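Down below is the structure, laid out as structure tokens.
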Amino acid sequence: MSFLANHLLSLILFTPTAAALVMLLLPKEKTTLLRNFALVASLIPFVLTLVVWAGFDPQPRADMPFQFVEKASWYSAIRASYHLGVDGISLPMVLLTTLLTPLAILASYSIEERVKSYMILFLLLETGMLGVFLALDLLLFFVFWEVGLVPMYFLIAQWGSKNRNYAALKFVLYTMGGSLGLLLAIQLMGVAVGSFDLLEMYQRWPGLNQLSIPIGLPVSTVKAIAFWAFVVAFAIKVPVWPFHTWLPDAHTEAPTAGSMILAGVLLKLGAYGFLRLVLPLFPVESQQYAGALAFLGVAAIIFGALGAWAQNDFKRLIAYSSINHMGFVVLGIAAAAALLNTSSPGGLLDKNIALNGAVLQMFNHGLSAAGMFFLVGVLYERAHTRDLNDFGGLYAVLPVYGGVLIFTAMASLGLPGLNGFVSEFLVVRGAWPVLTLATALAMIGLFFTGAYILKALKMVLHGPLNTRWQGHLTDMTRRELVVMAPLMVLMLLLGVWPAWLLDMINRAVAFLF
Amino acid sequence: MQFPILSTLIFTPIVAGILLLLLPAENRIWIRRVALVAATLILLMSLFLYFSYDVSRGGYQFLEEANWLPQFGIHYKLGVDGISLPLVLLSGLVIFSGVLVSWNVEDRPREFFSFLMFLGASVLGVFCALDLFLLFFFFELAVFPKYLMIVVWGYPKTREYGGMKLTLYLFVGSVIALVGTLAIYFGSGLRTFDLLALEQAGFPIEFQRLWFPFVFLGFAILGGIFPFHSWAPDGHVAAPTAISMLLAGVEMKVGAFAALRVGIQLLPEGAQYWAPAILLLATINVVYGAFIAMVQTDFKYVIGFSSVSHMGLVLIGFATLNRDGLLGAGMQMFSHGVMTALFFAIVGMVYDRAHTREIGALGGLVRKMPWAAVGFIIGGLVSMGMPGFSGFVSEIPVFMGAWQVAPLVAVVAILGILITAAYIFLVVRRVFFGEIPAELSARVGDVSRKDKLVIGMLSAVMILLGWFPSLLTRLIEPGVQSILALIGGGR
Amino acid sequence: MSSDFTPQMWRSIFPEVGLLILAIVLLFFDLIWLKRPQMRARWLGWITSIGIVLIMGVAAGVSMPQGQGSIEWGGMLRFDAAGFVFRMIFMSAAALTALFASQFEAVKKRGEFYALLLISTLGMNLMASAADLILLFLAIETTSIPLYVMAGFLTRDDRSVEAGIKYFLFGAITSAVMLYGFSLIYGLTGTTQIYELSSAFQAGNLPVGLAGLVIVLVLVGFGFKISAVPFHFWAPDVYQGAPTPVAGFLSTASKAAGFAVLLRVFQIVFAGQGSLWMVLIAILATASMLIGNYLALAQRSIKRLLAYSSIAHAGYLLIGIASDSELGTLSVVYYLIAYLVTNLAAFGIVNLIENRVGSDEIGALAGLNRRSAGLALAMLAAMLSLGGIPPFAGFFAKLLVFAAAVERGLIWLVLIGVFNAVVGLYYYLNVLKVIYLHPPIEEKEIVPATPGWRLAMWVCMAGILLVGFWFSPWYSLAQAATSAIWVY
């Protein structure tokens, strides 16, 4: 048992892989078996995450910033190690991932084509995503950062809708292109510091003022370049305007569960990268360029909202909404970056509030975006169209669906009492004192958010019923409700009592920054 | 006196090759059996070497020495170190795979397998030789199997051109290297070809600067260095599957390896002097090779040019002359060898069934041959340096090495990776996905069980290495250390 | 110098005496079997060959010189290891040629052919051990005149006759020039004894221009024997026209004899003028390699191809001479041994193919691999050995030659050499391509040749391989010859 206890994170990380390997040996005709196996396998990390959660001490200590740490030699030849650990920022993300994966798999029960490959890829994807959140070694971080791309590429390219090849390639090339700079910067830092270990990097890289690299540039310039390499890589993933164009395509073409995971978890990887790497490793540069970051965040909020407003494709609309929502995360991060070296108590408070808001917004958007994409998928499976103009008045035909959709949309919109409100409020509250203009603009964006969500609700649920659907649409099945139930419970819970999560996040960000 | 395992390793294919020639040409069953048994033995022996090499001791092991022509300073001296042992293992893997994918060769299988064995003996001999003359002897031994196998069993349209081009390029390279080697022989004043003795000879710096280009470039031509790389795609494409695998997978490593062992290890100061030039050429290799690969319409040419690009990384690793770079080069040699062997194996499988290699004429093959598709994708991911596969763990140290001497090289060379990703995804999509052309649909069937074994084995090696790079670095690290000791602890 | 006969004197010419007796014995058998051509066809070659082998065996016992060697027969003969090694080379070539000849319809029944072969060999033996210019000239003529006849032996074949006459005319002219050179030497120094001349030719004793003239004149004669450019014009026509075994013999033994005298005369008589003739020889080497190889590229007849290749090989060999060093001499001897087995094998196969297919076009070899896998392999070994690829004899020979030049710093010459080696490989590989790739003209299997031919081929193959990787014995031989020449 002690082995299990000491390697809980590894178990969380590699259970999906192990399950995928086992699935290779299962017969491919037995689709029910394959689905159930994948579902059960993906529930194991979830349960283990709860175990970790239970044993997690929310208060970080200086001698133990990370918990459940595992360290083993991995690529010792280039001084990279297998180093895992969680803190108050990464644990919520791990929970989000392990929660959404089983739900996404459950949502994929409607996939009929090549179920085996599909489920295997999904499980591998989970390992990739978890690895990013768990890694405490820069190289390991990068490994998982990229590993997730491959299954996602094939999920989109194989099970997506008609423009899938274009979308999948665009997704992969954007992300890989963005990662090149990241990779180069990681190499550079690894060479300069002599280790890839994140904790060591935290201590040595920010203060480094002498490079062992014959680059012929001042250290500060090199650091600024590395900073931007990191920022671009993560900004593409988030995605931040103007690096967002892959997202609507990828989301629209991906299968439902793929979109759920893409919006629910993959986008968080970028934001997590900002928090885990950019701010601690580049404090000076972050502060220096906080304004630019804030500008990008606000642009994402406004243009994302406007973009969503202009869509007639339901799924595309939701896709743009992701850009809009993730903009708040970036805004929160930018606010924190601007205040990174502050010592005034007020500044510290603002910074913490902004970061709390950003992390919580990541979690919340994971819930609501996954829920929205799933609901779009539910409708698409029945109607085989996503054009908003084809719908209308469905509330009368699909009352349960209508209720669930309204609930989720409200969470997304930021209705007080549901989760979205809490996090957006925190971000705005934290950012206002430092980035007043940007925050004010973001508020305008928030207005558009309301507009496009209501537009969508109106066009789907209200107005005259398109007679085409009379008698052809069935309401949500029990399986679909099971998918939505946990999400809705959490949305409500976080809306009325966010403290259970915020407390952990708050202590972590207060300690880290 | 321990068991002469290295000699046994080298002479197994030679004996098998001769034995094959003595079999009656019609007896195909026995011809294949003999080849398979020999290839299996080679693989097992190389695995045995891999496991029984004493890492803590390092250096050259399994030494064997016998007089050959002592008057002229020639000795039959064998041994492997951490650099060559992975390559021996690579050869074992590729020879074994080569025999399996060639199982159904119809035209003169006796000569085919016999020559294949001689080629195998040649590469194994080069990797194990600790005497310059012996190294050359084995190096040149490959000339006729290479040529004849391409010309006789190759792709009818280009085999005569491709085979001759390849052979002559490589022969030019080797004779230039030979001149350099002779200069080393006389310049040392030791009158010996013994590598270990020559390593300690301490040549004057002008001598090293003069002769390093001869030796290094001569061998590096076989490694595919720009601008002498054009034999590689033409030759690889013209060759039959197993030979493409061996040529790109192992022979190119032979060139790189010899350039390292003779060029850098014997003339370290020359290497220092010329390193910037090599870095430049190798960087062009990486980027240019990838670009050219991208615009190819022939499936096999894509892979051919990708080899040029990847070997550039090996050469960059060499030219950094530091620990990380050399380590990465060692890893990349192995990784690229396995990867490209798998690529060519799959290209061969596709061609055998579809009878075309035009990317535009192919499509949707994943439904017909899923193993091949998965294998190609895995190879592709290795090729683009995707983490989790052997390509990544090989490229990272190369780049880290480059950062330490020439950051610009790292920045430019990484473009090669992006381009590689682009064309690999394109090829995968066009060949294996999408709609399958009607005329292919009827013709194309799944790959054989032996093919699957090859795909599975090589893929497994690449994934295993991607997650556990120490499997190889435990060997390569001590090997690199001893090279660093020769070049003065690096820069 | 004693005028008494000593056993040493007889031992020094035992092989020549043996060859003479063997020739007489042959003519005798020729007479006995006057009416029985089958017996002659079957046995004459064997008798010649076995006889030579016996002589070689006995000579190895009694004619092996001890120590540094000595001068016998009143200053006429040098009895040393160099002479011994070269004799062994010539006689091996003759023995193999005799066996190969048993496959050649027009000569296998002709006793006088074998007798001529033996006399020519006798002449070569004397060339290798002559210590006096007079004997040297006589030996050269003794070698050449039978060869003229052998080249034109097929009196009903125009090309053979042409070959004979051409060879004779070239030989006569170059001999005359060489003789003029010899006479100048005598006129300048008053002696014809090689070992005495060396001191007379010490640098400074003679004006450079005059010494140079002498060297050039002598080189004309030697250049003809070794078929070096620009004295090579006879070679392609003669090789093509002459009976194939003769061509093989010309390209190996006769060339080796030329090099034997070249080595002895240049390394001993002109030892002091090294700087003068090194350049000259290097230029000849370059020209021979270039012209030989590039003209070989265009050939369609395999015999002409081999002729041009033989010119090119003279070029490689001259690199060894141009090195003017012990290693250079050694490399030449080793090269000659390697070239002997290789080229004899090549001509042997051409002989058989010509016999079966009736053509000496390269195309006649098409699909040889399907018609006889063994013959194809033999040709593969021969071609690759010529190309300088291990594990065949030519590899180490070439390596030694290049090594000698590198040692002397003649890098430019080596680079020319290696690039020519590449060109050479090109056309050798083309021959292999025809053998392995092109479809055969007819599917009929090529039946095994006569036992004599087969034995000779096996010996050549064994030679190609053994010289190719079991270096020690041959290296020792070459070393012995070298130290005998480099005694001064």
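Our Cα-only numbers for region B:385-491 put the radius of gyration and Dmax at 19.6, 63 Å. Compute the distance from the alpha-carbon center of region C:410-450 to that of region B:424-491, in whole Å. Between the Cα centres of region C:410-450 and region B:424-491 lies a distance of 37 Å.
Taking Cα centre as origin and charging only the Cβ of basic (Lys, Arg, +1) and acidic (Asp, Glu, -1) residues, the dipole magnitude of region B:133-220 rounds to 360 debye.
What is region C:189-288 by shape, rounded, prolate or oblate, if you read a ≥ b ≥ c off the alpha carbon gyration tensor as root eigenvalues and call it rounded for a/c under 1.5, prolate for a/b larger than b/c, and oblate otherwise? Numbers along the way, then the final one.
Values: a/c = 2.98, a/b = 2.04, b/c = 1.46.
Prolate.
Once the gyration tensor of the Cα atoms in region A:205-343 is diagonalised, the equivalent ellipsoid follows with semi-axes of 32, 15, 12 Å, ordered largest first. Over chain B, consider all pairs of different Cα atoms and compute the Kirkwood hydrodynamic radius from their mean reciprocal separation; express it in Å, one decimal. Over chain B, the inverse of the mean reciprocal pair distance is 22.1 Å. For region B:313-464, the calculated P(r), taken from all Cα-Cα distances in 5 Å bins from zero up to the bin holding the longest distance, is 2, 10, 18, 19, 16, 12, 9, 7, 4, 2, 1, 0 percent.
Rg and Dmax, both from the Cα atoms of region B:1-111 and both in Å, are 16.5, 50. Here's the picture: charge each Lys and Arg Cβ at +1 and each Asp and Glu Cβ at -1 in the protein assembly as shown, and of A:V222, B:I483, B:P145 the one pushed furthest to the positive end of that dipole is B:P145.
Kindly identify region C:114-165 as rounded, prolate or oblate by the Cα gyration tensor criterion: order the square roots of the eigenvalues as a ≥ b ≥ c, call it rounded if a/c is under 1.5, otherwise compare a/b with b/c, prolate if a/b is larger, else oblate.
Working: a/c = 4.80, a/b = 2.44, b/c = 1.97.
Verdict is prolate for region C:114-165.
The label point for C:M64 and the one for A:H472, both projected 7 Å from the Cα toward the Cβ, are 10.6 nm apart.
Computed on the protein assembly as shown, the Cα convex hull volume stands at 179 Å³ per residue.
The stretch between B:Y161 and B:E439 holds 97.0 nm of extra length on full extension. This uses 0.36 nm per residue minus the Cα-Cα distance.
Compute the whole-percent fraction of alpha carbon pairs in region C:399-469 spaced more than 20 Å apart.
Across region C:399-469, Cα pairs with separations above 20 Å total 62 percent.
Report, as an integer, the average count of C-beta atoms from other chains found within 10 Å of each Cβ along B:402-413. Can you show the working numbers first?
Values: counts 2, 12, 5, 2, 3, 11, 3, 0, 7, 6, 0, 1.
Going residue by residue through B:402-413 and averaging, the value is 4.
Counting only Cα atoms, region A:52-120 measures 51, 35, 15 Å along its principal axes, largest extent leading. Note on region A:193-244: Rg/Rh from Cα positions, Kirkwood definition for Rh, rounded to two decimals, is 1.06. Rounded to the nearest 500, the 222 nm mean residue ellipticity of chain C from helices alone is -25000 deg cm²/dmol, with -39,500 (n - 2.57) taken per DSSP H run of at least 4 residues.
Which number comes out as Rg/Rh for region B:120-164 once both Rg and the Kirkwood Rh are worked out on C-alpha atoms? Each step should come with its number before you reach the end.
Numbers: Rg = 12.9 Å, Rh = 11.3 Å.
Value, to two decimals: 1.15.
Under a model in which nothing but the beta-carbon of Lys, Arg (+1) and Asp, Glu (-1) is charged, the protein assembly as shown shows a dipole of about 2260 debye around its Cα centre.
In the protein assembly as shown, taking the dipole from charged Cβ atoms about the Cα centre, the farthest positive-side position among A:G402, C:I119, A:N364 is held by A:G402.
Excluding residues fewer than 8 places away in the same chain, name every one of the lysines whose C-alpha is closer than 17 Å to that of A:K237. Partners within reach: A:K170, A:K268. Within region A:124-261, the ratio Rg/Rh, alpha carbon atoms throughout and Rh by Kirkwood, equals 1.05.
Return the whole-Å distance between the Cα centroid of region A:244-301 and the Cα centroid of region A:28-97. For region A:244-301 versus region A:28-97, the Cα centre distance is 22 Å. Listed by Cβ neighbour count within 10 Å, with the fewest neighbours leading, B:F344, A:F14 appear as A:F14, B:F344.
Restricted to Cα atoms, chain C shows a radius of gyration and a Dmax of 21.2, 69 angstrom. Return the whole-Å distance between the Cα centroid of region A:159-204 and the Cα centroid of region A:321-363. Region A:159-204 and region A:321-363 have Cα centres separated by 23 Å.
Placing a pseudo-label 7 Å from each Cα along the Cα-to-Cβ vector at A:N163 and C:A106 gives an inter-label distance of 8.3 nm.
What the Cβ-Cβ distance of B:L44 and A:N36 gives, at R0 = 45 Å and to the nearest 0.05, is a FRET efficiency of 0.60.
Cα-based radius of gyration for chain A, normalised by 2.2 N^0.38 Å, reads 0.93.
Bear in mind these aren't lab numbers, they're just calculated from the coordinates by the rules spelled out. Computed from a prediction, not measured in an experiment: that's the story for all the values here. Neighbour counts run over all protein chains shown; Cβ positions are idealised from the backbone, glycine included.
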